[in-house]
Amino acid sequence: MNFLAYVRRSTDQQEQSLAGQRESCLKHATKLGGSIKPKDYFEDDAISGSDMTRAGLSSLLKACKDRKDIHGVIVWDRSRLARAGDPRAAMLLEYEIESTGKKLHFVNTAAPTDGGIASHIVALVESESAGKYLVDLSRNVMRGLVQTVNAGFLDGRIPAYGYDTLYVDPSGKPLFIVRYNHDRSKEVYEAVTVNGAVSIGRHVRSLLPSERPPRSRTDKPVLVLGDVARQTIVKQMYEWAVSERIGFKRIAQRLNTNGIKAAMGGRWSIASVHETMTNPVYRGALRWNYRRRGKFQRLSKDGVVPVTDRGTFKLLRNAPEDMIIRENAVPAIVTPELWFAAQKIRAERESYSFRGKAAKATYLVSGLAYCCNGHRLQGVSAESKGNRYFNYRCCERHLGGPSACSAQNVRRELVDSYVMNWVQDNCVAPLLNSKEVWNELEKLLSQTSECDNHSNTQERIRKIDATISRIVDNVDDENMALLNEKLTKLREEKSQLRALLESSKSATFEVDEYRNRAKDYIKRTADVLAVGTPEERKELIRDFVERVEIDTEKNEGRLFYRAPFSVFERKLCIEKKRVKGIEPS
């Protein structure tokens, strides 16, 4: 009799697992009076039993259906065949194998698989136990990871760009440093401590991408500053974002143009720049639980809880309140002030910008429109009886049907005209006619002209220097005490004036030019509303409107708008960098 055998191990650290399973299956086949040919072993290496789409398992099922010379299938135990969260899924898999006419044999089981009631009860209990093992293991591992992160250690991930991994023993003694190369290979260095600071020593060995660092179970990894060149690149990225106010796309283009490789050796993308520019590790904070893909458990602010979206297995972003952030846990590459300034600019850019399909579509409120249930509306078109209709539809209803959302389709021209009319009546018209708006604009412009006093400040500093020189020339023993008192006051005043110059960064600009630019922008809005292109209208709408909510059942709409004066501030900020001698605030 010929048998098939299926073997599986969960991780590549179970070195003897597959060989031991093969040997046990062969002995069991011999005991049954049969044999297993070398080609009849089906294997899944380093794959969880909860994955029911394994390649080896699929090949086994196909062989059971196609081959007529096979009498049965031998597996070490039910946990090797499947560790499904639902025991019915594991029993259904067993039924699928036996429905092909192949009897299923388990080497390690409490009862033979003879099809009796006792056999079915044992199968249910063992399948439930195999699945529960993963659930319990997931919960325990999650709890251990939380303790590890709260203690300031890493969870085993690849370090962030610009950092290395330092392994320490339980007493905190540095052992060795691991640096990741662009191809995921690793270099191991000695950890040298000089005056309390840990630095890289001599090179010990190189590791292939598949090899793990030579550590014991009690050794813990922590982040330390890595390659100086990479640190400089990170600092430069933040400087670009803050001083030049450029976005992730332009930062990626600059890095690629200069031939700078990303962390894994490829080209920089918007996603990789976003990861670097938003990771708080660069300001010295260790972030964990930012994303999740757990099948059984997830970490929330209330602790470890079961997942409610099982079956998706997607990489999901957690809510901010569920993340763990430990401040001052790692050495910083950029200052916290620079990091937070970059986040503020990014938030401002994202609140005003629209890109991708929303930027190219003819739907004016693409990316801004939502249904009454908070789901995003997308533009769609349909043809009926020779006519083409353009609508906004709810994305959630489109994917999940009426049970997911009750919002109906709404005509594009109704939504777009509603928004355009609101912008015309409530934003553009007041801007053109309201004296309060113009007064506010003049007030804003007057605030930007503070540096007109810089020349007066510098003149005062020159006078103080001349006064100090005269005092020093006339000092003698009789008036030394009085003159020293005057010198102290003059030097303090000079120090304060120099600090004022340094903080304000002396610059000259023409306020009239800003005033004319702002007035031109306000007047240009009327032309855009009348004869502007769809792209110009969409940009104008986003200057005033943050969000549009449409209730299709009540046939009502609601707009969330920005204060008009914030538009002036943003436009002026954009224009500043085009005027010589001005840095954007």
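Quick rundown of the values:
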item	result
Every pair of residues 6+ apart whose Cβ atoms lie under 7 Å, when the first sits in region 379-402 and is within 21 Å of Val548 (Cα to Cα) while the second is outside any helix (DSSP H, G or I) and modelled with pLDDT under 80	Gly379/Ala361; Glu396/Ala404; Arg397/Ala404
Qualifying residue in region 56-64 (condition: modelled with pLDDT under 85 and of a type in the set (Lys, Arg))	no
Selected residue (criterion: nearest to Asp155 (Cα to Cα)) from residues of region 264-288 that are in contact (Cβ under 8 Å) with a residue 60 or more places away in the chain and touching a strand residue (DSSP E or B) at 6+ places or on another chain (Cβ under 8 Å)	Trp288
Single condition Val548 does not satisfy, out of (1) part of a helix (DSSP H, G or I); (2) at pLDDT 75 or above; (3) under 30 Å from Val410 (Cβ atoms)	(1)
For Lys344: the one exception among (1) at pLDDT 80 or above; (2) part of a helix (DSSP H, G or I); (3) crowded, with 16+ Cβ neighbours inside 10 Å	(3)
Residue among Arg298, Arg355, Arg310 that is more than 18 Å from Thr276 (Cβ to Cβ), at pLDDT below 85 and assigned to a strand (DSSP E or B)	Arg298
Residues satisfying the stated conditions in region 182-200, i.e. of a type outside the set (Val, Ile, Thr), in contact (Cβ under 8 Å) with a residue 24 or more places away in the chain and surrounded by 12 or more Cβ atoms within 10 Å (Cβ to Cβ)	Arg184, Ser185, Lys186, Ala191
Spans of helices (runs of 4 or more DSSP H) in region 365-450 with at least 2 residues modelled with pLDDT under 85, of a type in the set (D, E, K, R) and assigned by TED's automatic domain parsing to the domain that holds Lys523	395-400, 435-447
The listed residue being out of contact with any Asp or Glu (no Cβ under 9 Å at 6 or more places or on another chain) and hydrophobic (A, V, I, L, M, F, W, C), out of Ile36, Ile70	Ile36
Hey, Val204 of a type in the set (A, V, I, L, M, F, W, C), surrounded by fewer than 16 Cβ atoms within 10 Å (Cβ to Cβ) and at pLDDT 90 or above or not	yes
Identity of the residue in region 208-236, assigned to a loop (DSSP other than H, G, I, E, B) and modelled with pLDDT of 90 or more, that ends up surrounded by the fewest Cβ atoms within 10 Å (Cβ to Cβ)	Leu208
Single match in Ser17, Ser48 (criterion: among the polar types (S, T, N, Q), free of Cβ contacts under 8 Å to residues at least 40 places away in the same chain and more than 24 Å from Lys68 (Cα to Cα))	Ser17
Candidate set from region 56-96 (those that are farther than 19 Å from Ser24 by Cα and small (Gly, Ala, Ser)); member that is surrounded by the most Cβ atoms within 10 Å (Cβ to Cβ)	Ala90
Output for region 495-536, where each listed residue is over 24 Å from Trp422 (Cα atoms) and at pLDDT 75 or above	Ser495, Gln496
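So that you can scan it fast, the table gives a plain yes or no per residue for (1) among the charged types (D, E, K, R); (2) assigned to a loop (DSSP other than H, G, I, E, B):
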| position | (1), (2) |
| --- | --- |
| Arg22 | yes, no |
| Thr30 | no, no |
| Gly49 | no, yes |
| Met52 | no, yes |
| Gly56 | no, no |
| Ala90 | no, no |
| Glu96 | yes, no |
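The values are calculated or read from the model by the stated rules, or taken from the named source; none is laboratory data. It should be emphasised that the depicted structure is a prediction, and the values quoted were computed from it without experimental measurement. Heads up, the Cβs are rebuilt from the backbone with ideal geometry, glycines too, and the neighbour counts pull from every protein chain shown.
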